[in-house]
Every structure is written in structure tokens, then in C-alpha cells.
Amino acid sequence: MKEERNIITIDEYGNISLPTDIGATAMTEWEICELFGVIAPTVRAGIRALCKSGVLKKYGIERLVRLSDRSSIEVYDLETIAALAFRIESFGAAKVRKVLLERITHRRKEKTTVIVSVVADTEPSRRWMA
């Protein structure tokens, strides 16, 4: 049974295509290299450094996706891809950082209501309370 996964892509103009269901995002090492515009040792060194510093846990960053009965591929989850985007300094990584931050900040479009209660008290030290 083939497992579905989404990938983040970059076109020739530097536009990042982020899937709508980013929770199912999983990419191979080669796909990450292509996205960030770096070579595989850079990605491996970044993953090692992130694990060593405690940002990522070695046991939770990768999983196997079955392609057929005889073959499967190793993929990294969105948390690893995002952490690498902040670790690696390249054009592609900078674009991914920007798109991820935009997705986080612009998804929150609902209005927030703040209620402040002001109570007048006769005691000078507690004149106004919020």
C-alpha cells in the first residue's frame, strides 16, 4: 500500500509551493537538497548538529514510506525541514523560512477581544486594578 505524502517545491523563479496539508509533508534527503539548493553532506551535517544540540530527537525525525512490497524510502518530517531551513544558510532555505513564517502569522486572521475590568478602590495603593 502506497502512503501519500506532500513535498515543498521551489520553481525556477524562486517561488515556494507549500502544500495545503502541511501536516502530511515528508521529504527525502534528495528533495530537501533540491529545495534548499545544497548538497547532501550539508543536509546530513545540519541534521547531526540539530540532534546534537537537542533541537531534534534522533528517533523522531525520519520514517520509512513504503513505495511497493519490495521498496521503501526514508523521509524527514516537517519539523526537521523547518529546523533545517533555519540552520542552513542558502537562498532556498531563506525562501522556505519566509514562507513558513508567513503561513504561521497570516493564518491567524480572527479578531481577538481583550476585556479589561477597571475597579475604583478608595485605597491609594490599589486605586486602579486591571
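Throughout, read-outs are computed from the coordinates displayed, never taken from laboratory work. What you see is a predicted model, and the numbers here were worked out from it, not measured in a lab. Ideal geometry is used to build each Cβ from the backbone, glycine not excepted, and the neighbour counts take in all protein chains shown.
Values computed for the structure shown
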item	result
Residues whose placed amide H lies under 5 Å from that of THR28, excluding near-sequence neighbours	TYR76
Karplus-derived HN-Hα couplings along the range 39-52 (A = 6.51, B = -1.76, C = 1.60, θ = phi - 60°), whole Hz, x at Gly and Pro	9, 4, x, 5, 5, 4, 5, x, 5, 4, 5, 5, 5, 5
Length added when fully stretched, ILE39-ARG66, from 0.36 nm per residue minus Cα-Cα	7.2 nm
Listed peptides 79-88, 94-103 by packing density, highest first (mean Cβ within 10 Å)	79-88, 94-103
Projected label distance in nm at ASN15 and VAL55, using a 7 Å step from Cα toward the beta-carbon	2.9 nm
Relative contact order of the range 9-107, pairs being alpha-carbon contacts under 8 Å that are 6 or more residues apart, as %	32 percent
